Each structure stands twice: as structure tokens, then as C-alpha cells.
1. Angle check, please: helix 319-335 long axis (alpha carbons) against the longest principal axis of the chain (alpha carbons), in degrees 0 to 90, nearest 10.
2. Considering only the chain, what is the antiparallel percent among its DSSP beta bridges, to the nearest 5?
3. Among 283, 10, 1, which comes first, then next, by fewest other beta-carbon atoms within 10 Å?
4. Starting from the Kirkwood radius over alpha-carbon pairs of the chain, derive D by Stokes-Einstein at 20 °C in a medium of 1.002 mPa s and give it in µm² s⁻¹.
5. How are the Cα pair distances of the stretch 126-191 distributed, in percent, across 10 Å bins from 0?
6. With an 8 Å Cα cut-off and a minimum separation of 6 or more residues, compute the relative contact order for the chain in percent.
7. Have a look at the stretch 9-194 and give its Rg and Dmax from the Cα atoms, expressed in angstrom.
8. In Å and on Cα atoms, what radius of gyration and Dmax does the stretch 212-335 show?
């Protein structure tokens with residue numbers, strides 16, 4: 001494959017319910033760093049129905065040099081084939097060297113189909129992206145072998161280099177309303193037979209699960225708690241602190257809590273203001289998912305636990321004695337106000 005004509009970075013700006021999602025801005029942050037390393041442009045692809053000018057303006061403020069708009073009534077609600085055709089058309093029109101898609105439910109459905117259509121590789125669920133100076137290839141890092149190792153993958157002979165990136169891993173840029181960029185429309189014909197699915201109704205779940213990636217306080221429990229009963233006590237502590245409960249992989253594997261609460265390489269990446277690591281030893285797989293937290297408090301009875309190397313405050317004690325005592329102290333402090 002002749003890769004000489006491929007240039008630039010393209011970010012798929014995911015849009016749901018008429019709003020650009022947070023992952024789009026995170027990808028622009030990563031894409032901006034890659035584009036600057038290559039001295040190439042960063043393009044955001046926004047596909048949908050009834051697109052608004054302020055959405056494109058915001059994507060530029062968050063780092064894009066250009067916003068490519070594909071507007072069609074068939075793109076109002078996500079369906080695999082119309083969106084696959086839209087992203088393939090954008091790639092064929094612009095020939096970007098790198099394409100980034102969020103590792104969301106939509107991105108995990110869309111990206112493999114697009115990579116197959118344009119005959120390139122795809123590295124899924126990346127947690128790290130960098131440019132190799134000597135070759136200018138994209139270095140795509142992701143967990144492998146159940147999260148026990150980190151694999152760095154390259155795609156030297158095909159373009160674009162495609163990756164899905166886990167939400168919460170990349171940092172979005174500081175918004176710059178003074179940034180200037182282009183907004184370009186790309187016409188797309190979507191034949192009726194492309195819409196192989198008919199959406200009869202969209203039902204929004206009323207009691208949506210709380211997302212640990214958006215929490216400012218996380219009370220995270222590990223195997224050191226000893227039992228599911230002890231783990232459930234963390235709910236009371238999280239309630240007093242105005243946070244959510246999360247967990248290590250060992251706790252999820254034991255069935256004490258669902259996988260949507262898992263922090264780590266094979267779970268979610270979080271950056272809360274306060275992260276309490278309770279009964280967590282601190283294996284590197286877990287650290288990778290929370291090390292960028294603003295303030296980390298670790299509680300473990302083993303003074304040599306690796307978690308203490310990353311903690312801002314470490315407490316060596318029995319976590320199952322500390323948690324109920326801390327809950328009572330917090331309740332008393334609130335009552336005294």
C-alpha cells in the first residue's frame with residue numbers, strides 16, 4: 001500500500017441525543033498532541049442530523065483545526081451501516097494518517113467495520129498513544145493477556161492507523177474560544193437499502209447507572225476487605241462523602257460487584273478529586289486506572305503494599321475497623337454543623 005498520500009489526524013466526534021459526547025473532546029486532546037508531533041492538521045468528523053453551528057465551534061475551541069460535517073437524516077440515531085458509510089467517505093475524501101474513535105458501545109461497533117472497509121488494521125481499547133520519532137508511526141498501547149502486560153502495536157504498512165481509545169484515559173485540552181478553524185461540509189448519499197435496520201422507538205433508561213468515570217470522590221475496595229459483606233459497608237462511606245463505590249479487578253472477579261465499577265487496565269480509567277483505596281494492594285494493573293487522581297488515600301494493613309508508593313496519604317491499619325469508625329465520625333461532624 002502506498003502510504004505517502006496519507007496525512008493528518010481524524011477524530012470521530014461521537015454524538016448522542018443531539019449532543020457531542022465527552023469522549024470526543026478527550027480524543028481531540030490526544031489527537032492534538034499527535035498532530036503537533038507530526039506537524040499535520042487535526043480534523044474532527046461530526047456526523048448526524050440537524051447539526052448545530054455551535055457544536056463545530058466547540059470542537060475547534062477544544063483543539064480541532066477543521067470540523068468536517070456530514071449531515072443526513074439517516075444519521076439522526078446511530079445505526080451501523082449509515083455511520084460506517086459516513087466515516088469511510090470521510091477517510092476516502094481526506095486520507096488521514098491516523099483515525100481515533102472512542103472505545104464506547106458505538107465506537108466498538110463502528111471502528112472494526114470501518115477498518116475492514118478501508119483495509120487497514122485496528123488497535124482496540126488503547127490506553128496510550130505516542131508517535132515514534134524515527135518512523136513517524138503511531139505507537140498504540142493497550143492491555144493484553146487479561147491486563148497482565150501492556151502491548152504496543154504499530155501499523156507501519158497500512159493507512160490510516162486506526163485506534164479506539166478508552167474513555168477517561170486521555171485529557172481534553174483547556175478550552176480556547178479564540179482558536180480559529182475551518183468548518184467544511186461533505187455531501188453524502190445514503191441509499192434506502194443501506195439502512196438495513198429500522199428504529200421503531202428509542203427508550204431512555206430512567207434509572208441509569210451512575211458512572212464512576214464522572215465521580216469526584218471514589219471509595220474503592222479491594223480483596224483486603226475480606227468478604228462481600230465488608231465491601232457493602234463502603235456504600236455508607238461513599239454516601240457520607242458524596243461519592244461512588246468502585247473496586248479492583250479481584251473484587252469484580254469474586255462477584256462482589258459488577259464490572260461497571262472496576263478500576264484498572266481491564267476496567268475504567270478514573271481521575272476523581274479524591275480516591276480512597278481500601279484494602280487494595282496496588283498492582284500495576286489497578287494503578288494504571290487511577291494514578292492520575294488528584295488526591296489518593298490508601299488504607300492497608302500491610303506496610304509494604306505497593307499502593308503506598310502512589311498514595312498522598314497512607315494509613316496502615318485494619319480497613320474493616322477503620323471504615324465503620326470513619327462513617328460514624330463523618331455523621332457526627334455533619335450533625336454538629
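1. The answer is roughly 90 degrees.
2. Rounded to the nearest five, the antiparallel share is 20 percent.
3. Working: 283 19, 10 29, 1 9.
Placing the least packed residue first, the sequence is 1, 283, 10.
4. On the way: Rh = 21.7 Å.
Answer, rounded: 99 µm²/s.
5. With a bin width of 10 Å, the distribution comes to 16, 30, 32, 18, 4.
6. Details: 700 pairs, mean separation 48.3, N = 337.
Relative contact order of the chain: 14 percent.
7. Spelled out, the Cα radius of gyration and Dmax of the stretch 9-194 are 15.5, 47 Å.
8. 12.9, 40
Rule-based calculations on the coordinates, nothing more; no lab input. Only a predicted model underlies this, so the values are computations on that prediction, with no experimental measurement involved. Please note: Cβ atoms are built from the backbone with ideal geometry, for glycine as well, and neighbour counts cover all protein chains shown.
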